[in-house]
Amino acid sequence: MRSTRTASLTLATALAALLATVPFPAGAAPLGALPAVTPRAETAALHDDAAGGKADADDPAIWRNAADPGRSLVIATAKQGGLRVYDLDAREVQSLPAPAAPGSGHAPGRFNNVDLVHGLRLSSGRADLAVTSDRGNDRLRFYRIDRDRAGGPLTDVTDPAAPPVFSASQQEIDEQRTAYGLATWTDPATGRSYALVSRRERTTLALLELVPGPGGTVGYRKVRTLGLPASFRLPNGRSWSPCAEPGELPQVEGMVVDPANGTLYAGQEDVGIWRLRADLTGKPELVDKVREYGIPATYDEATDKCVAGADPGYGGRRLTADVEGLTLVTESGGDGYLLASSQGDSTFAAYDREISDGNEYEGGFRVTAASPALDGSEECDGAAALAAPLGARYPKGLLVVQDGHDSPEDAERPSTGFKFVDLRDVLDAVDD
């Protein structure tokens, strides 16, 4: 999440500046020493203003066309601007609007995160689906993927009877503590597919089973919920909570499930990365913390900023809040990486995918400009990786990352987009 969490990002920016002036502990590389990778392509800029349809790039997913990998697709959310679909050259092939507001004074649709489900059994047959969290309406929406369908590859197949995920009324929906982060998971033991959904400004996660509806539509039912901590006991015995506006709790957005073992990784933006079972049973474990973890801070309503105190030294060294997009690079034999966007310092951290190795940190990288016309990624929100051949351009796979400040663009307009990075370059950077 970008500009809407001013207090958090202000604290993160201040800490990043401080880190640049102090020596690093043994074994820790300064931020500037991280290797750089450059994008191969970028999408056209989206603009979060009236002229741009309130479109704001957020989260991508990569759909592989098994019959013709070079004709695979990237499906991405644009918040109030709905969904965008791109080919592997980052050219737009389809744009789908978010639903209109249900009535005067109510919030319009706002697509936050997106993920994929493969081969879900519908009443009309099996299908690959794009699933998105509609934060504006507190619902999930489903789009069937048919690569060569006339009119575009995506078709809305959401069951009209799909209920709100968290809210009990339209009044609660309008308060916008609604469906936010999203990850999908298919249980290999049962073949059932699920969505894990987080709640905006709350610590709640919900497990939803995806169910076929009439006429080839898709709905869901809630299985259970789990609440992550909102406050933490520090080694000095004090209790600490991340600084935020009054009433806000430390939310989760970036999430991903390892299909091999049903492990969910969830990024609590101002806290760190949690590891837990995708069925939301058992005890969550904190894999890594943001640098700001444990720093006392007070919210100043007059300035909309957090005023930080002394750093007690309990935070991590790899992530600067917010921790955002999480994605997996899955390789054979359980190898691979968990990649995390460290939004506060515009870097990415890579962790070993194997739980037996404690998801240890393996390295990091930046996505930097390839040319004056093709910039890198700043304040990245969502990210998606796919370690599979995608035609001649991406023979080892693809990483797509959101760019929170697309340039060069009109400085007077908010500009965001997505960068396409050869996964081979990412792996070389992490392995060095």
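The values are calculated or read from the model by the stated rules, or taken from the named source; none is laboratory data. This one's a predicted model, so the numbers in the text were calculated from it and none came from an experiment. Don't worry about glycine lacking a Cβ; one is built from the backbone with ideal geometry, like all the others, and counts go over all protein chains shown. Accessible surface areas use protein heavy atoms only, side chains included; no ligands, DNA or RNA. Shrake-Rupley method; radii C 1.70, N 1.55, O 1.52, S 1.80 Å.
Where strands (runs of 3 or more DSSP E) fall entirely within segment 383-432, those with at least 2 residues that are touching an Asp or Glu at 6+ places or on another chain (Cβ under 7 Å) and at negative phi are at 398-403, 415-422. If I filter segment 176-190 down to residues being without any contact (Cβ under 8 Å) to a residue 60 or more places away in the chain and exposed (fewer than 15 other Cβ atoms within 10 Å of the Cβ), which single residue comes out as nearest to S133 (Cα to Cα)? Of everything passing the filter in segment 176-190, T190 is nearest to S133 (Cα to Cα). Taken over segment 267-278, the criterion of being open to solvent by less than 30 Å² (accessible area, probe 1.4 Å) and at negative phi is satisfied by G267, Q268, E269, D270, V271, I273, W274, L276, A278.
Restricting attention to segment 160-171, does a residue exist that is more than 24 Å from T263 (Cα to Cα), open to solvent by 50 Å² or more (accessible area, probe 1.4 Å), within 24 Å of the chain's Cα centre (by Cα) and not aliphatic (A, V, I, L, M)? Yes, segment 160-171 contains at least one residue that is more than 24 Å from T263 (Cα to Cα), open to solvent by 50 Å² or more (accessible area, probe 1.4 Å), within 24 Å of the chain's Cα centre (by Cα) and not aliphatic (A, V, I, L, M). Candidates are the residues of segment 244-266 that are charged (D, E, K, R) and in contact with a Phe, Trp or Tyr (Cβ under 7 Å, 6 or more places away or on another chain); the one that is surrounded by the fewest Cβ atoms within 10 Å (Cβ to Cβ) is E245.
Being open to solvent by 10 Å² or more (accessible area, probe 1.4 Å), farther than 24 Å from A349 by Cα and within 18 Å of the chain's Cα centre (by Cα) is true of R199. Of all residues in segment 354-382, those that are in contact (Cβ under 8 Å) with a residue 40 or more places away in the chain and of a type in the set (K, R) have Cβ atoms under 7 Å from Cβ atoms of residues that are open to solvent by less than 30 Å² (accessible area, probe 1.4 Å) and in a strand (DSSP E or B), 6 or more apart or on another chain, in R366/T347. The number of residues in segment 109-150 that are at pLDDT 95 or above and assigned to a loop (DSSP other than H, G, I, E, B) comes to 7. Filter segment 279-332 down to the residues that are of a type in the set (S, T, Y), open to solvent by 30 Å² or more (accessible area, probe 1.4 Å) and in a loop (DSSP other than H, G, I, E, B) and list them by number. Within segment 279-332, T281, T303, Y314 meet the criteria. Filtered by the rule that a residue be of a type in the set (S, T, N, Q) and within 16 Å of Y293 (Cβ to Cβ), segment 215-239 gives S231, N236, S239.
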